[in-house]
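Values quoted throughout were computed directly from the atomic coordinates according to the rules given, and no laboratory measurement underlies them. The shown structure was predicted, so the numbers you read here are calculated from the model rather than taken from an experiment. We place every Cβ from the backbone using ideal geometry, glycine too, and count neighbours over all the protein chains shown.
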Amino acid sequence: MPPYERHVFVCVNERAADDPRSCCSAKAAREVRSRLKELAHDAKLRGRVRINTAGCLDQCAHGVTLVVYPEAVWYGRVTLEDVDEIFHEHVMHGRPVERLRLDHMRPHSEPTSG
């Protein structure tokens with residue numbers, strides 16, 4: 001089987017409610033992942049796009065975090081309302097959603113905006 005055109009990892013890590021770092025699961029990460037899977041299924045992308053659960057991506061301060069490969073674009077503070085945009089713009093068309101990118105995760109050679 002050839003590699004996927006896009007491979008998305010969604011952090012669904014869980015921590016205790018009193019942990020000061022919080023966790024992505026407490027911020028609807030499972031719902032984000034489920035919606036991405038639903039969109040990929042509806043678009044008939046089986047074998048071309050893979051949506052996976054990830055353990056901790058070590059970006060707890062940034063809410064629900066996900067990363068899209070092969071571009072290695074990291075997104076933070078993703079809400080359920082953001083999922084369709086990420087899917088249609090990035091997963092389908094290869095255009096990262098700049099407003100949700102984690103700037104500190106950009107490669108050093110890539111300029112940041114503003």
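What number do you get for region 7-108 when its Cα radius of gyration is normalised by 2.2 N^0.38 Å, N = residues?
Values: Rg = 13.0 Å, N = 102, 2.2 N^0.38 = 12.8 Å.
Output field value: 1.02.
Using the count of nearby Cβ atoms within 10 Å as a rough guide to exposure, how do T53, T65 rank from fewest to most?
Working: T53 13, T65 27.
Fewest-to-most Cβ neighbours within 10 Å comes out as T53, T65.
Along region 42-53, what does the Karplus equation 6.51 cos²θ - 1.76 cosθ + 1.60 (θ = phi - 60°) give for ³J(HN,Hα), rounded to whole Hz, x for Gly and Pro?
4, 7, 6, 9, 3, x, 10, 10, 10, 10, 10, 7
Please work out how much length the chain gains when fully extended from L80 to R46, using 0.36 nm per residue of separation minus the C-alpha to C-alpha distance, in nm with one decimal. Please list the in-between numbers first.
Values: separation 34, 0.36 × 34 = 12.24 nm, distance 2.19 nm.
Additional length available on full extension: 10.1 nm.
Subtracting the Cα-Cα distance from 0.36 nm times the residue separation, let me have the gained length for E14 to D58 in nm, one decimal.
Values: separation 44, 0.36 × 44 = 15.84 nm, distance 1.20 nm.
Gain on stretching E14 to D58: 14.6 nm.
At 222 nm, what helix-only mean residue ellipticity would the chain give, in deg cm²/dmol to the nearest 500, using -39500 (n - 2.57) for each DSSP H run of four or more? If you can, show how the numbers build up before the last one.
Working: 2 runs with 20 residues, N = 114.
-5000 deg cm²/dmol, from helical runs alone.
Note down the relative contact order for region 6-105 as a percent, whole number, built from C-alpha pairs under 8 angstrom at least six residues apart.
Numbers: 160 pairs, mean separation 32.0, N = 100.
Value for region 6-105: 32 percent.
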